[in-house]
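**Student:** One structure follows; several queries about it will come next.
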């Protein structure tokens with residue numbers, strides 16, 4: 001689906017398939033998130049970590065992530081953080097400056113060397129990032145720099 005198709009896409013035509021229930025459900029995370037978390041509770045404690053994957057260039061995946069983040073944020077008064085695999089832990093100062101400071105996408109891209117560290121269009125993540133800024137939700141970098149990952153992955157002598 002390209003940008004033109006996505007911009008004219010009607011949410012009411014969307015459906016999700018719940019693999020656990022074996023049935024189709026509406027694409028509104030607000031309608032399902034609490035019951036899904038309750039099914040995964042341990043000793044009555046709801047999980048506090050939710051993973052949302054994506055095909056990096058699929059606009060509907062990004063739209064659903066945005067809706068999921070909003071639903072979780074509105075679910076209760078517990079603090080929320082958004083973790084991004086495309087950012088390194090070393091980018092934390094830049095992420096904080098975006099959310100709690102200047103809110104400039106241009107500066108965020110420059111400060112994180114977005115095109116080099118991630119490569120996918122920053123606009124795919126713009127709604128989530130803008131929402132984090134508006135709601136003052138901390139965004140954290142989860143990844144390690146590639147060189148560190150490559151170095152750790154190299155075979156070598158055991159210590």
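**Student:** Give segment 89-103 a look and list any residue that's under 30 Å from residue 28 (Cα atoms) and either modelled with pLDDT of 95 or more or touching a strand residue (DSSP E or B) at 6+ places or on another chain (Cβ under 6 Å) (or both), or say none.
**Tutor:** 95, 96, 98, 99, 100
This table checks each residue for (1) assigned by TED's automatic domain parsing to the domain that holds residue 46; (2) within 21 Å of residue 29 (Cα to Cα); (3) surrounded by fewer than 12 Cβ atoms within 10 Å (Cβ to Cβ).
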| residue | (1), (2), (3) |
| --- | --- |
| 72 | yes, yes, no |
| 87 | no, no, no |
| 105 | no, no, no |
| 112 | no, no, no |
| 128 | no, yes, no |
| 134 | no, yes, yes |
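**Student:** Quick one: count up the residues across segment 16-58 that are surrounded by 11 or more Cβ atoms within 10 Å (Cβ to Cβ) and either touching a strand residue (DSSP E or B) at 6+ places or on another chain (Cβ under 8 Å) or at pLDDT below 80 (or both).
**Tutor:** Here the count works out to 8.
The values are calculated or read from the model by the stated rules, or taken from the named source; none is laboratory data. Just so it is clear, the model here is predicted, and its values are computed rather than measured. Ideal geometry is used to build each Cβ from the backbone, glycine not excepted, and the neighbour counts take in all protein chains shown.
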